[in-house]
1. Assuming 1.567 mPa s and 4 °C, estimate D for region 222-311 with Stokes-Einstein, Rh taken as the Kirkwood radius over Cα pairs, in µm²/s.
2. Considering only HIS565, VAL507, ASN298, whose Cα is most displaced toward the positive end of the charge dipole of the chain, charges sitting on Cβ of Lys, Arg (+1) and Asp, Glu (-1)?
3. What is the fewest-to-most order of SER111, SER260 by other Cβ atoms lying within 10 Å of their Cβ?
4. Would you mind counting up the charge near ARG69? Only other residues with Cβ under 12 Å from its Cβ, with Lys and Arg at +1 and Asp and Glu at -1.
5. Return P(r) of region 359-505 (all Cα-Cα pairs; 5 Å bins starting at 0; whole %; ordered from short to long distances).
6. Placing +1 on the Cβ of each Lys and Arg and -1 on the Cβ of each Asp and Glu in the chain, which of GLN360, THR67, VAL265 has its Cα farthest towards the positive end of the resulting dipole?
7. Would you work out the relative contact order for region 538-636, in percent, from Cα pairs under 8 angstrom that are 6 or more residues apart?
8. Just want to confirm a number: the relative contact order over region 91-201, from Cα pairs under 8 angstrom separated by 6+ residues, in percent.
Amino acid sequence: MSENNVNIELSYLRKKVGREKSARMQAELLLESKSTELFDINRRLQDANQHLDVIVARRTKALKATTQRVEVTSEELQNTVNRLNLVLDIANAVTWLFNVRNQTMDIAGKSESLLGIEPTKAIPADTVLSRIHENDRKELIEGLSLALKKGEAINLRCRLMSRNGSYRWFLINGELSSLVSKRSLCVIGSCIEMHEQVEREREVWNIANHDTLTGLPNRNYFETQFSALAEESFSSSESFTIALIDINDFTQINDTYGYSMGDGVLRDFADILRGYSEYTHHVARLSGDEYIVIFKTNLAIWSAHELCQKVIDRCVNISIQNGERLGLNLSMGLAVFPKDGRVLDDLMQSVYSAMQDGKQKKHIGSSCVLYNAAIERERFREKDIRSALKAAIKSKSFDLAFQPIMCNQSKYFVGSEALFRWPDMDGKWGVQEVIDVAENSGLILDLGEQVIEMAFAKISHLNEIGVKKWMAINISPLQFQLQDVPQIISKALIKYNVDPAMLVVEVTENIFLENINRVADILNQLSKMGITIAIDDFGSGYSSLRYVQMLPIDKIKIDKAFVDHVGSSIESQGIVKAVIDMSHSMGYKVVAEGVETEGQLEVLKDMGCDYIQGYYYSKPVSFDELIQLDDFSKNTPLVLKTHLGRTL
Ligand code: C2E
Ligand code: CA
Ligand code: CA
């Protein structure tokens with residue numbers, strides 16, 4: 001090879017080495033830059049990792065905390081469930097959930113021990129409802145339906161069949177809930193056993209609503225029953241009849257046979273009424289011998305009347321202790337709701353008026369009267385009298401008339417009877433009628449006090465002018481019952497400075513219907529004060545001389561009804577003679593009332609009657625006329641009536 005060629009080759013090699021050298025340098029440079037990049041990446045990666053670690057640590061910590069919290073919560077939840085179960089246990093309670101869509105029930109709590117149903121889900125609702133007492137089922141179904149339709153809470157007492165098959169009382173609470181399932185409505189609730197409490201409450205309620213003697217409902221219960229039935233009947237435009245029943249002269253039964261026998265009669269009578277339960281809605285004892293019956297709504301008034309008549313017939317002859325038999329006379333009144341009264345007070349007034357109407361015709365024994373227009377007129381008349389009387393009491397617009405009472409032997413008048421007069425009455429009403437209304441309304445108390453006041457003023461006047469004649473005043477049984485009569489009279493004696501011997505207190509036989517010991521006590525007080533006591537209208541009512549003997553009585557006034565027949569009826573004459581003789585043998589003086597004819601006068605005189613009062617001698621007169629009579633009779637002891645122009 002030539003030198004030239006070698007040089008060329010050498011130069012070529014040199015260049016190649018140079019090129020490779022520069023290529024290697026470039027590669028090294030690239031490597032170095034890539035390494036730096038890699039290093040950077042690596043460092044960033046490390047940073048990211050570190051950051052991630054921090055996050056993970058933080059998250060782990062948070063997770064730990066959450067886990068701890070969950071653990072606590074689930075423990076608390078378990079505690080709550082345990083507590084709830086304990087509460088259900090203690091409360092003897094069952095929880096229930098009624099799923100409306102499926103018509104099923106979930107039952108939990110003490111269902112096994114209380115109801116004999118194991119805690120279960122989705123039992124057919126009918127199965128559960130069939131265990132509710134048939135009388136309570138309707139109410140519960142209504143409760144559920146109201147909860148569903150109107151969201152009303154359920155709160156009612158029901159009897160549920162218990163494990164042993166008997167019914168026990170439970171309190172059922174519940175309300176609508178969408179808590180369990182959003183798609184289906186649920187009613188959720190509890191069921192708490194409260195059998196003993198309800199039974200106790202029912203016992204207390206029974207005592208408060210029943211009469212202990214007869215076991216019948218009392219007035220309280222009757223009023224509740226009436227209100228409920230009236231409301232029901234009113235909305236359905238139905239009517240019903242009520243009957244008020246009173247046993248006539250029951251006090252006499254007590255007095256004759258003793259209280260325990262009397263109680264027996266009241267019980268037997270209650271049983272008789274119970275015997276008609278298929279026709280009656282309610283039977284109650286209102287007070288002593290007063291009973292009330294509400295007949296069933298569909299029973300016609302004439303059927304009610306027929307049934308009452310049957311009760312009357314049944315009581316004609318009832319057996320009492322020791323095989324003895326007794327006849328009960330009943331006064332019955334019938335009235336119809338709403339025709340005769342839309343509210344209890346009005347209806348009671350109607351039925352009472354009807355009953356009274358029959359009672360007044362007592363001589364016919366038992367009575368059963370339907371409330372009618374005539375009775376209604378009577379009631380309005382009574383109302384009129386009552387309101388006019390109230391006003392008159394306020395304005396003290398009464399007066400007194402005086403009827404002289406003659407001594408049998410002397411023809412002189414020895415005393416008088418003060419009789420209430422009401423000038424404004426204008427002949428519209430009779431004295432007896434007004435007095436009866438005053439008695440029934442209680443106004444007799446105020447009226448009686450005014451009469452006492454007026455009479456004392458007059459006795460005091462007589463005393464001042466030297467007319468020594470006693471004066472009799474009438475005191476009503478109600479005054480004896482509700483007022484302190486001895487105190488009222490003793491105050492008047494002092495106020496008017498009256499000698500007690502100038503006063504006669506007339507009491508009617510009705511006073512014997514009161515507690516006889518109390519009456520005796522009051523009359524004894526009056527007697528000790530030196531006041532004369534007379535029994536008025538003797539023979540017209542309840543008394544017998546047996547009663548009179550127990551009381552400090554001085555005079556017996558024979559009722560006009562007997563005197564009327566003296567001289568015409570041997571029987572009446574016999575009675576009057578017997579009363580006069582017996583009274584005398586017991587030391588009482590006798591007054592004959594309502595003597596109108598000379599014939600009567602003669603017979604009575606022959607019988608030895610001590611005093612005569614009646615139109616034959618004089619009608620009741622004014623006070624001035626009474627004084628004139630005194631002047632006159634002092635001089636000419638003649639028949640007075642011929643000298644009296646005006647009568648009161
Ligand atoms: P009473 O106590 O029996 O009084 C006698 C009644 O008989 C009086 O009627 C008198 O006018 C009447 N009378 C007397 N003699 C005869 C007669 O021969 N024939 C007839 N047909 N009647 C005669 P009056 O004044 O209408 O009194 C009626 C009743 O009103 C009284 O009967 C008495 O129960 C009662 N009353 C009168 N005033 C009072 C009073 O101030 N207080 C009380 N609680 N009741 C009174
Ligand atoms: Ca009298
Ligand atoms: Ca009388």
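Where a number appears in this text, it was derived from the coordinates with a stated rule and is not lab data. Note that the coordinates shown come from a computational prediction; the quantities given were computed from them, not determined experimentally. Positions of Cβ are backbone-derived with ideal geometry, glycine not excepted, and every protein chain shown enters the neighbour counts.
1. Details: Rh = 14.2 Å.
Reported coefficient: 91 µm²/s.
2. Of HIS565, VAL507, ASN298, it is ASN298.
3. Numbers: SER111 22, SER260 9.
Going from least to most buried by this count: SER260, SER111.
4. Working: positive: LYS64; negative: GLU71, GLU75, GLU76.
Taking every Cβ under 12 Å from that of ARG69, the sum is -2.
5. Over region 359-505, the share of Cα pairs per 5 Å bin runs 2, 8, 16, 18, 17, 14, 11, 7, 4, 3, 1, 0 percent.
6. Most positive-ward Cα: THR67.
7. Working: 111 pairs, mean separation 23.8, N = 99.
Contact order relative to length: 24 percent.
8. Details: 218 pairs, mean separation 31.2, N = 111.
About 28 percent, as a whole number.
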